[in-house]
Structures are given as structure tokens and as C-alpha cells.
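Worksheet for the structure shown next.
The values are calculated or read from the model by the stated rules, or taken from the named source; none is laboratory data. Keep in mind it's a predicted model, so treat the numbers as computed, not measured. Quick reminder, even Gly has a Cβ in these numbers, built from the backbone with ideal geometry, and neighbours come from all protein chains shown.
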Amino acid sequence: MQHKKFRKTQLATSLSLALGLGLFNALPSWADEGEQADQPNNDIEVIEVTGIRSSLVRSMDVKRSANGVVDSISATDIGKFPDTNLAESLQRISGVSIDRVNGEGSKVTVRGFGPEFNLVTLNGRQMPVTTGSRSFDFANLASESVSGVEVYKTSVASQPSGGIGATVNILTHKPLSTPGLVASFSAKALDDKSTDKGNTTPEFSGLYSNTFADDKFGISISGSYQKRESGNRQAMVGTGWRSFPGSVDNSVVDGNSEWGAVPRDNQVNRPGDDDIYSVPQTTIYRFEEQQRKRTNGQLVLQYQPADNLRTTLDYTYMRNDVDTQYHDISAWYTFVPSENVWSDGPIASPLIYSEAYDTPQDLSMAAGDYGVRNQSGSLGFNAKWDVNDSLTLSFDAHHSYAEYKPNNPLGSSNTLSTAAFIRTSAATDFTGDLPVLAVGGGNDVKPSDMRVTGSHFTNTRNRSEIHQYQFSGQYLFDMPASIDFGVSFLEVENRSQERTVQRNDWGGVGQAGDLDDAWFPTESVIDKFDSHGGNFLGNNAFDPLNTMFFWDFHKVRDRAEQLYSNGPGAGDCGSNFCPASDYNNEINRYTKEKSTAAYGQFNYNGELGSMTYDLHLGMRYEKTDVDSVSAVVDYGSASWIADTEVELESAGQIFGSQKGSYDYWLPSVNFNLDVTDDIKMRLAYSKTIGRPDYVSIQGGTVLAPLANKAGGTGTAGNPSLLPLESNNYDFSLEWYYDEGSYASVGYFRKDTKNWITNELRKVTVDGLANPIGGKRYREAVAALGDTDSAKVRQWIFDNYGSDPYVDAANGAITGNPNEDPLMSFNVDTPVNSSRKDTIDGWEFAVQHFFGESGFGIIANYTLVDSNTSYDNFILMDQPALVGLSDTANAVLVYENYGFQARVAYNWRDQFLSSRTQEDTGANPQYVEAYHQVDFSISYDIEAIEGLTVSLEGINVTNEPTRVHGRAKEQVLNLTETGERYALGVHYSF
């Protein structure tokens with residue numbers, strides 16, 4: 001029986017602080033939800049501590065005592081997490097970087113692997129998501145009821161598969177872990193500097209926990225509410241850049257031309273034939289306001305009828321309502337012959353791109369007002385039974401759902417566009433960080449010039465449900481060894497539905513006087529950009545566009561509906577100026593993924609001379625089956641409705657069903673050696689898998705309803721996709737040289753194969769003829785000697801006015817299936833590639849406190865490398881790892897005399913964020929290097945025990961984010977968000 005004493009003593013000495021708040025969950029069976037740490041044990045001394053330093057000590061103890069490479073963050077006190085957002089806390093961990101949405105942490109990347117390759121669990125349970133990826137959005141979860149977050153960088157057999165980068169487990173409060181009455185309440189006032197129209201908003205949270213009947217029964221109730229008003233300012237090439245070999249131009253006669261390419265004359269430093277070059281599709285300035293209401297709640301009931309049996313019933317609820325309003329102004333390039341100034345090759349970009357027009361083009365100003373709700377709930381039950389001194393059994397079950405749905409009468413996304421047809425020219429200067437747009441006649445635009453053009457009102461609804469059952473156990477031998485074992489069943493159902501009501505009146509409707517000039521107040525574009533306004537003023541090459549109307553979306557929509565409905569429409573309101581909810585008539589896709597797993601793991605504690613070690617040998621088997629059914633739109637005809645736009649007309653739906661399956665054996669080995677009392681060495685090997693995202697395994701081909709002269713686009717899923725496979729190797733040294741202080745260095749390597757890449761497949765649809773390129777089109781080009789779309793269309797209207805496929809009155813030319821070629825579509829399809837890649841890197845971390853001064857530092861740096869990188873010179877999709885980047889974090893902390901303070905600096909190097917751009921297919925997107933400074937200060941009011949006041953600041957230096965394409969000049973998005981401050985009070989007892 002001596003080995004049992006040894007095992008419990010090891011836990012007691014390394015986890016006493018963590019147990020004080022019921023934090024630790026790094027135990028062999030994930031189904032236990034941390035309950036093994038809660039079992040009665042007279043050998044464990046419980047020490048309850050609070051404050052920044054103590055929370056860092058608890059995190060260090062979790063790291064030191066774990067079976068593998070584990071990092072964690074713990075609450076500084078119950079109900080008082082160190083950051084207002086869990087993702088922003090996780091970025092303090094070495095190897096972890098985050099993606100931000102509207103200035104707030106949203107998803108995590110670990111060791112270069114993006115959010116879809118990191119598994120996030122809540123108390124060991126997989127949570128549903130509605131984004132189509134497998135990544136959990138941390139913006140939906142408040143931090144107040146979270147007691148800790150743990151990042152498992154190496155794998156053990158008991159962990160669920162799916163986290164190649166890491167498995168992130170979020171821990172919540174359990175009442176029997178902190179016997180007696182525990183309660184806290186917090187209130188904050190949020191001041192978000194990013195909003196132009198919002199005010200200071202409130203945030204409230206509270207937690208009540210108590211135990212009864214000699215600590216046999218416990219209840220915990222927590223809840224939070226946050227209202228945030230925010231905004232952003234964006235400069236974009238919104239639909240992407242079109243890329244060409246240097247030998248391609250826009251000539252009609254040389255046979256080497258493509259739509260969008262540039263001529264050989266009137267160019268300064270034109271790219272050579274051996275270069276590649278890219279041209280912008282549009283330039284957009286977008287200004288957005290957003291209101292968010294986030295509500296979280298959790299109820300936990302625990303009952304321990306005997307010392308060896310504990311049961312837990314819990315329910316977690318999350319809701320996040322987001323309302324968005326925006327205005328934008330844009331110039332869409334038509335790719336008439338352009339005059340440009342170019343950067344040097346071999347990857348050339350326009351420094352100045354300009355077009356002039358024989359016929360005035362549109363200066364577009366669009367607006368939208370829409371809302372969505374993210375809502376989820378999870379009901380779970382857990383039972384842990386210590387059968388005897390040798391055997392422990394656990395059972396865990398939960399049913400969880402997540403739903404994304406419209407939360408606005410006008411849909412989950414919408415755009416109503418207006419335009420003034422006064423643009424005689426357009427040019428964009430790409431020499432600065434922010435693209436500067438000039439429009440001939442743009443600054444003289446008047447409200448009376450504006451006409452209503454196209455619109456779309458979309459309802460999107462996604463729902464995910466999870467049923468998960470886990471049975472696990474541990475058996476202790478008489479020797480210092482044990483076996484962990486278990487089986488689990490997981491069923492994930494996902495349904496995505498979309499219904500769009502779209503008007504393609506991009507040529508404008510109505511006439512002067514239809515709209516009230518008072519609805520079109522004038523704003524300055526330049527004044528909107530806080531930190532980049534100088535980009536406009538510093539360029540003297542042309543007069544930048546500065547006049548914009550922030551027009552009243554609802555008044556213009558109502559007036560347009562009154563004047564331009566043209567009979568009954570598809571929307572629920574009876575017109576085409578609102579969304580429709582008959583989802584079954586458009587896109588309806590459903591997948592069911594069933595996974596069955598079984599595992600066993602042998603654990604052994606031994607000695608090598610004077611050194612002790614622990615060894616963990618595991619094997620996990622997983623089998624997954626995928627069923628997918630789909631209903632997508634079937635298109636029967638295509639009409640050329642504007643110079644560069646072809647509209648597809650629905651002819652019903654296409655139904656389909658597809659299947660897929662795979663199974664894997666996943667071994668793992670973890671060896672931990674206590675070289676001395678203060679130095680620990682770790683060696684680990686494991687095989688892991690990363691499943692395809694849920695969108696990729698959906699069946700059906702979805703074609704975009706609006707195509708252009710180059711053809712159409714679409715997307716298709718592939719339920720037969722196999723997961724990414726990775727063989728993982730880890731080595732680390734950890735030196736715990738003082739109380740709360742340590743230094744560590746680690747090397748990791750991941751040999752991967754079976755990557756999922758996107759392949760553009762040319763497809764046609766039977767009977768769907770393209771009017772561009774057919775008999776009438778060829779005759780017009782031959783007669784005119786020109787391919788200018790406006791001239792070609794007019795020639796066809798003049799010469800084929802009686803043709804049943806030509807509607808001159810409405811400006812539409814429909815494809816004739818007897819004469820015109822079938823329309824071609826580039827369909828983006830995920831496939832498994834033969835690529836093999838090695839990702840490796842180094843992690844350095846240090847945590848140090850300077851004696852009793854109260855000062856401490858936390859710093860880490862991660863270097864990551866891949867033997868496959870994206871080649872910007874290749875004009876096709878490539879198997880490059882998205883999200884790979886070096887990261888660094890530094891935090892200065894102080895705690896003394898009731899004061900607690902932290903200043904955090906976070907840096908992430910440039911990384912590839914996507915291999916595709918919105919409308920241009922295989923073109924890369926790079927997020928440029930970014931840094932951010934945050935701080936928090938709090939003071940414990942001595943006169944009132946338990947009362948703390950605090951001030952927090954996020955992104956206090958107002959750093960923008962910038963995304964570019966193949967070259968830095970090819971800006972895709974520059975976003976300014978602004979600082980965020982919170983003044984709060986926290987009371988606990």
C-alpha cells in the first residue's frame with residue numbers, strides 16, 4: 001500500500017494551493033471534471049490564498065505537477081479573473097496567440113496551429129460551435145465564473161482528440177471544492193473609445209456558493225451581464241486582388257488577354273513578362289458601430305452522500321446579442337484600360353492605380369442595420385465513485401446546443417446600396433499604410449445625385465447539438481503504478497441554413513426627388529480615421545475623396561420599398577426589401593458526425609539513482625462516421641444585367657447525400673524526470689489528429705448568385721475528408737528555483753501529413769448558358785473592335801431588340817442554351833493533399849518575483865518554423881500553414897500594501913491568415929505584425945474587507961491591424977478600433 005501513500009503525498013505537496021480554490025483538473029481522466037482533486041484526503045493541507053502572486057503560484061504548481069507540458073491561468077480570487085476576456089488571458093502563455101474581432105480576443109492559435117486545430121473544452125466536455133469551424137469563440141463566455149484555464153500542449157490517452165496545437169480546458173467553480181459560504185459581486189463601467197455614438201456601458205457579475213448538511217450538499221449560482229458599445233473604421237480592397245502573369249494583358253487581338261489585366265501602354269514601370277502582378281477590384285471605406293449584450297449564467301448542484309461518492313449536476317447558459325450598423329463608400333473598378341505606376345517585380349503591385357471613363361460610373365454608398373444572436377446551453381451530469389482503495393470509476397454525460405440566428409427584423413446581414421452616377425475617374429494611391437482613393441467628381445456629389453441601387457437581406461441560421469457520454473476509471477496496483485481506462489461516445493449534429501432576398505438593380509432605380517435630401521447628412525472621410533488621417537493629407541498626387549453621406553438606412557429603405565417594390569417580393573414583408581424565413585427554399589445543409597473512442601494508459605512512478613520519475617504509456621482508438629445531406633439552389637438561367645455582372649435565376653433545389661468515415665490508433669508516451677528537487681525534464685511523443693472543420697464536410701455545391709465577366713464562383717464541401725495527422729515530439733527543462741519563480745525552455749516538433757487544401761475546380765451546369773462569349777457577344781466585339789462591356793451591351797440591344805433572350809427595357813441579356821456556351825464556375829473544394837510538413841519551434845518562459853518588494857515579471861517568447869511556406873510568386877493554392885508566427889509576451893506585476901497592478905505587452909509577428917481572398921480565389925492574406933499594451937490596477941479598501949476597486953485598459957496605445965496580399969502594397973484591410981477602459985468594484989466574502 002506504500003505506492004498509494006506516495007501518489008497522494010505527491011499531489012498534496014504540489015497542488016495544495018490549487019486545491020484551495022478547486023482549480024486543478026490536470027488529472028488522468030477528463031470525465032472527472034476535476035473531482036479527483038476534491039476527494040476527501042486527510043493528508044492534504046488546504047491553503048486558501050488570493051492575489052496576483054498567489055494565482056501565478058497556483059498556475060506554476062499546475063505546470064510542475066502535470067503529466068505533460070501544461071500551462072495554466074487561474075483566478076486571482078473567486079469571481080475575479082485576471083482579464084476581462086479569456087482569450088486575452090491565454091495570450092500570456094508561451095506559444096499562444098489570439099485572433100481579435102472588433103478589438104476583443106476571440107480565438108486562439110497555439111504553436112502556429114490555428115483555432116480549428118485547437119480543441120476547447122468546458123470542464124472536459126466538447127462544446128458546440130456555430131461558426132462552421134471547430135474553434136470556440138471566447139467572446140461568448142464571460143470570465144467571472146471561470147476559476148482557471150489550462151492549455152495541454154502534449155497529449156495523453158485520456159484526452160479527447162482534435163487538439164493538434166493544444167487542448168484548452170476551461171474550469172468553472174464547484175461548491176464542494178470550497179466548502180462554506182463563498183460569494184462575490186462585481187460591477188464595472190466600460191468606456192470604449194472605438195465608438196463614435198456609444199456611451200459608457202455597464203457590466204455586472206455575481207457568484208454565490210454554499211454547502212449544507214455537513215458539506216454533503218453544495219450549490220453554486222453565477223451570472224454576468226455585459227453591454228458593450230464599440231465601433232471600427234476600415235479601409236479595404238474588399239473583394240480582393242486579381243493576380244496575373246506579367247505576359248497577360250487586356251488586348252483583344254494578341255490572344256493572351258484576360259478580364260482585369262492591364263494594358264502594355266500608358267504604364268510606368270509595367271511588370272515584365274517574367275513577373276507577376278495584381279490589380280485591385282475596389283477601394284472601400286467602411287465605418288461600423290456595434291452594440292453587444294452578453295449574458296452568462298451557471299447553476300451547479302453537488303451531492304456527496306458518502307465519502308467515496310460525489311455527483312454533480314450543472315447547467316451553463318451563454319447568450320451574446322450583437323447589433324451592427326455600418327456605412328461605406330466605394331469605387332468599383334471596371335477594368336477599362338488603366339494608367340498605373342508599378343513597384344518593381346518579380347511580384348509587382350500598383351503604387352497608383354487609375355481608370356478614366358467615357359460614361360460616368362457609380363460612386364457607391366451602402367449601409368446596413370442587422371443583428372444576430374449566439375446562444376448556447378449545456379446540461380451535464382457527473383458521478384465519481386471511489387469503489388475501494390484501488391479502483392475509482394467516473395461517468396460524465398452532457399447534452400449541449402449552440403445556435404446562431406437572426407436577431408433583427410431586417411435579418412442577420414443586409415446591405416442597401418445607393419449610388420451617384422457621377423464618377424468620371426477613379427484612382428487609388430497604395431504607397432501608404434492606408435489606401436487613398438480619389439474620385440473624379442466625388443467631392444462635388446450632392447444628396448440629389450443619389451439613387452437606390454441593389455440590395456440583399458439575408459437570414460442565416462446555424463444550430464449545433466452535442467451528445468457526449470464518457471466512462472473512465474483508474475486502478476492502482478500494489479506497486480507504484482496505475483492504469484487509466486475509459487470509453488466515450490460523441491455525436492455532433494450541425495445544420496446550416498441560409499435565405500437571401502437580393503435585388504440586382506445595381507444600375508439604379510428611380511429619379512431625382514424620390515429621396516429627401518435631409519436624409520443624407522454629409523461627413524468627412526478623412527476626419528474618421530484617427531491615426532491614419534495624415535495618409536490622405538500627405539499625398540499631393542490627387543485630391544482624395546472626402547465627401548460621404550451617412551444616410552438614414554431606415555428612411556431610405558422604407559421609401560424605396562414604397563416606390564420600387566414592383567409587385568409582391570420574396571421577403572416576409574411582401575417586398576424584396578426585407579429578409580425571408582423560408583429557409584427550405586434555398587440552402588439547407590446538415591451533417592452528423594459520430595465518434596467512438598476507447599483508451600488505456602499505464603502510469604508508473606520509479607527512481608533512477610537519486611532521481612524520481614513518472615512514465616505514462618497510452619493508446620487511444622477513435623472511429624468517426626460522417627453523414628451529410630444537403631439542399632442547395634439549382635440555377636436555370638443566367639442574365640447579363642450590368643457591365644460586369646451576370647445574375648443567376650433559381651430553378652428550384654438540388655438534393656444530395658454523402659458519407660465518410662475513418663479510424664485511428666493514437667499512441668502517447670510522457671516521461672517526466674525530477675533531475676533535482678528544483679529541475680524537471682520532460683520527454684513526450686504522441687500521435688494526434690485534427691478533424692476538418694464542419695463547413696468543409698458539408699455536402700452540396702453552393703453557387704454565388706451573382707457572377708462577373710470572368711465567370712462564376714462557388715463552394716463545395718467534402719464529407720469524405722480525412723483529418724490532419726501529426727506525430728508530436730516534445731522536450732522541455734523546467735527550473736523551479738524559488739517560491740513562485742521558474743524558468744523553462746522547450747522544443748517541440750510536429751511531423752504532419754494529410755493536409756486539407758482548397759482546389760478550384762472548373763464546373764458547368766447543364767442548360768445554364770453564359771450570354772458573355774456567345775454568338776451575339778462575338779458579333780458585337782467583331783463589329784466594334786472593342787470589348788468594352790457598356791458598348792457591347794448597347795450594340796446587342798440595338799441589333800437584337802426583338803430577340804426573346806434580349807430585354808433592352810430592363811437592361812438584361814439572357815444566355816441562350818442553343819447558341820451560347822455553358823457558364824463556367826470556379827468551385828472552391830477542400831481536398832486532402834499529399835503534402836507533408838514539419839513544424840518545429842522553441843518556447844522560452846520565465847516567471848520571477850523580486851523578494852518581498854512586490855514586483856515580478858512574466859515573459860515568454862516562442863519561435864515557430866515550417867518547412868513549407870507560401871510562395872507569393874505561384875498563382876495557385878498551396879499547402880501552407882495558416883496562423884504560423886512567432887510570439888512574445890511580457891508582463892510586469894506589482895502587489896503590495898493593498899495595491900495590485902499589471903502592465904502587459906503582447907506581440908505577434910506577421911502570419912498567413914488565409915490562402916484565399918473573397919472573390920478572387922487562390923490569393924493569400926497576411927496579417928501584419930501586431931503589438932498591444934494592456935494594464936490593470938486594483939486597490940483593496942482596507943476599511944471594508946473584501947472590497948476592491950479597479951481600473952483596466954485594453955489596447956491603450958490604439959494599435960490598428962493591417963492585412964495585405966502578395967505584397968505589402970496590396971492592402972486588403974486596415975482597421976482602427978481604439979482603446980477600451982473599465983472602472984470597477986469587486987466585493988467578496
**OP:** Give the number of residues within region 218-273 that are farther than 30 Å from residue 194 by Cα, modelled with pLDDT of 90 or more, part of a loop (DSSP other than H, G, I, E, B) and β-branched (Val, Ile, Thr).
**Re:** 2
Subject >> Cβ-Cβ under 7 Å pairs, at least 6 apart or on other chains, region 62-82 side on the phi > 0 side of the Ramachandran plot, far side buried (at least 24 other Cβ atoms within 10 Å of the Cβ) and modelled with pLDDT under 75 >> reply: 79/144
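In region 549-591, how many residues are in a strand (DSSP E or B) and of a type in the set (D, E, K, R)? Full working, then the answer.
Looking only at region 549-591, we keep the residues that are in a strand (DSSP E or B), and these are 549, 587-591.
Pick out the ones that are also of a type in the set (D, E, K, R) and you get 589.
Count: 1.
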Subject >> Residues located in region 916-934, provided they are free of Cβ contacts under 8 Å to residues at least 60 places away in the same chain, surrounded by 16 or more Cβ atoms within 10 Å (Cβ to Cβ) and more than 14 Å from residue 964 (Cβ to Cβ) >> reply: 932, 933
Subject >> Pair list, Cβ under 7 Å, 6 or more apart: region 819-830 residue among the hydroxyl-bearing types (Ser, Thr, Tyr), other residue not in a loop (DSSP other than H, G, I, E, B) >> reply: 824/711; 824/762; 824/764; 829/716; 829/758; 829/759; 829/761
Original post:
Taking region 317-352 only, how many residues are over 32 Å from the mean Cα position of the chain (by Cα) and in a strand (DSSP E or B)?
Top reply: 6
Subject >> Top-ranked residue of region 888-915 - restricted to ones that are of a type outside the set (Asp, Glu) and part of a loop (DSSP other than H, G, I, E, B), ranked as surrounded by the most Cβ atoms within 10 Å (Cβ to Cβ) >> reply: 915
Subject >> strands (runs of 3 or more DSSP E) contained entirely in region 656-732, each with at least 2 residues that are touching a residue at least 24 places away in the same chain (Cβ under 8 Å) and closer than 30 Å to residue 821 by Cα >> reply: 701-703, 706-708, 712-716
Original post:
Name the pairs whose Cβ atoms lie under 7 Å apart, with the first residue in region 200-223 and more than 18 Å from residue 307 (Cα to Cα), the second assigned to a loop (DSSP other than H, G, I, E, B) and among the hydrophobic types (A, V, I, L, M, F, W, C), and 6 or more positions between them or separate chains?
Top reply: 205/142; 207/78; 210/181
Original post:
Considering only region 759-795, how many residues are under 30 Å from residue 882 (Cβ atoms) and either among the β-branched types (Val, Ile, Thr) or surrounded by 20 or more Cβ atoms within 10 Å (Cβ to Cβ) (or both)?
Top reply: 1
Original post:
Among the residues of region 811-832, is there at least one that is part of a strand (DSSP E or B), among the aromatic types (Phe, Trp, Tyr) and touching a strand residue (DSSP E or B) at 6+ places or on another chain (Cβ under 6 Å)?
Top reply: yes
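Give me the residue from region 847-862 that is surrounded by fewer than 17 Cβ atoms within 10 Å (Cβ to Cβ) and touching a strand residue (DSSP E or B) at 6+ places or on another chain (Cβ under 7 Å) and, out of that set, farthest from residue 762 (Cα to Cα).
Across region 847-862, the extreme among qualifying residues is 850.
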Original post:
Quick one: how many residues across region 138-175 are buried (at least 24 other Cβ atoms within 10 Å of the Cβ) and assigned to a helix (DSSP H, G or I)?
Top reply: 2
Original post:
Can you name the number of the only condition in (1) out of contact with any Leu (no Cβ under 8 Å at 6 or more places or on another chain); (2) hydrophobic (A, V, I, L, M, F, W, C); (3) on the phi < 0 side of the Ramachandran plot that residue 151 fails?
Top reply: (1)
Original post:
Does residue 816 satisfy the criteria of being in contact with a Gly (Cβ under 8 Å, 6 or more places away or on another chain) and farther than 28 Å from residue 970 by Cβ?
Top reply: yes
Subject >> Checking residue 808 against (1) among the small types (Gly, Ala, Ser); (2) loosely packed, with under 15 Cβ neighbours inside 10 Å; (3) without any contact (Cβ under 8 Å) to a residue 12 or more places away in the chain, the condition it does not meet >> reply: (2)
**OP:** Hey, could you check region 487-522 for residues that are crowded, with 21+ Cβ neighbours inside 10 Å and polar (S, T, N, Q) and say which is farthest from residue 557 (Cα to Cα)?
**Re:** 488
Original post:
Given the residues 514, 505, which is the only one that is closer than 30 Å to residue 643 by Cβ, without any contact (Cβ under 8 Å) to a residue 60 or more places away in the chain and among the charged types (D, E, K, R)?
Top reply: 505
